[in-house]
Amino acid sequence: MSPEEKIAKTIGCNSCHLCSFAHLLGKIPLWQYGTNFEKSKYKILFVGKTARGNSSPSYYSDADKYKDLPWAFWSYTRGIYTKLGLSWEDVAITNLVKCNASMDVDTTSQEVKENCICKQQFIKKEIQIIRPAFIVFYTNTYYDAEISSLFDKITEVTDRTFKIRCGKRKICFWQFKGHLKNDSSGTCFYVLRLAHPSRKNKTDFINLVTQFILHPDKIPVC
């Protein structure tokens with residue numbers, strides 16, 4: 001069974017009773033799983049907070065229509081993997097929360113966060129299946145407790161409160177190595193949790209993330 005089929009089977013439409021009461025329909029697993037991901041030089045998984053709006057593509061079938069969009073999430077991500085010499089087919093993209101519950105601002109409740117991430121463990125199962133080398137969370141600090149719960153051991157390069165300059169402002173930049181709970185392989189994942197790219201200096205943001213990919217054990221300098 002391919003990784004795509006495993007994920008589609010793992011995250012089914014009736015898996016989460018809380019999400020069935022969402023304002024908008026649709027559970028969205030992996031947005032994008034590149035055809036070259038398993039052989040990619042860096043194997044990066046980019047993770048957003050939650051899907052928004054009325055668009056609810058079923059299991060990444062419409063992913064290609066997003067890759068060239070000008071919105072910050074897509075254009076900054078495109079800038080990162082392009083600077084690393086990668087293509088759309090080398091990366092994976094998903095959401096931390098699988099329920100599409102808001103039109104614009106993230107309104108995910110604590111109850112849904114805990115159920116989707118900690119109890120149902122959808123994002124953990126995705127990571128276990130596709131086994132990225134790098135995980136980049138565009139979540140700011142709102143999901144830190146839930147991100148921490150994914151890992152049995154965390155070795156920090158920077159702590160949760162660390163900030164680094166990006167343009168005229170400073171952004172949060174939590175960088176660590178982690179192991180998934182109950183993962184018998186002992187694989188180390190390099191993890192970065194920073195802010196959503198929206199309204200951030202694009203050049204600096206891209207440089208910060210690419211520095212993390214190239215030197216995951218060092219604190220980047222912008």
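The values are calculated or read from the model by the stated rules, or taken from the named source; none is laboratory data. As the structure is a computational prediction, the values presented were derived from the model and not from experiment. A quick note on method: Cβ atoms are made from the backbone with ideal geometry, for glycine too, and the neighbour counts reach across all protein chains shown. Accessible surface areas use protein heavy atoms only, side chains included; no ligands, DNA or RNA. Shrake-Rupley method; radii C 1.70, N 1.55, O 1.52, S 1.80 Å.
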**the range 107-116 - phi-based ³J(HN,Hα) in whole Hz, Karplus 6.51/-1.76/1.60, Gly and Pro as x** = 10, 4, 6, 4, 4, 5, 4, 5, 5, 6
**Item:** Theoretical gain in end-to-end length, Thr203 to Thr155 [0.36 nm per residue, Cα-Cα removed]
**Value:** 14.5 nm
**Prompt:** Quick one: if the Förster radius is 25 Å, what FRET efficiency do Ala133 and Asp68 give, using the C-beta to C-beta distance and rounding to 0.05?
**Reply:** 0.50
**Portion, in percent, of the accessible area of the range 66-222 that falls on carbon or sulfur, probe 1.4 Å** = 50 percent
**Item:** Contour excess over end-to-end distance, with Cα ends at Arg165 and Lys83 and 0.36 nm allotted per residue
**Value:** 27.5 nm
**Whole-Hz ³J(HN,Hα) from phi, Karplus 6.51 cos²θ - 1.76 cosθ + 1.60, for the range 79-96, glycine and proline x** = x, 5, 6, 5, 5, 7, x, 9, 10, 3, 7, 9, 10, 10, 9, 8, 10, 5
**Request:** Quick one: which residues, 5+ away or cross-chain, put their amide H under 5 Å from the amide H of Lys49? H built at 1.01 Å from N.
**Result:** Leu96
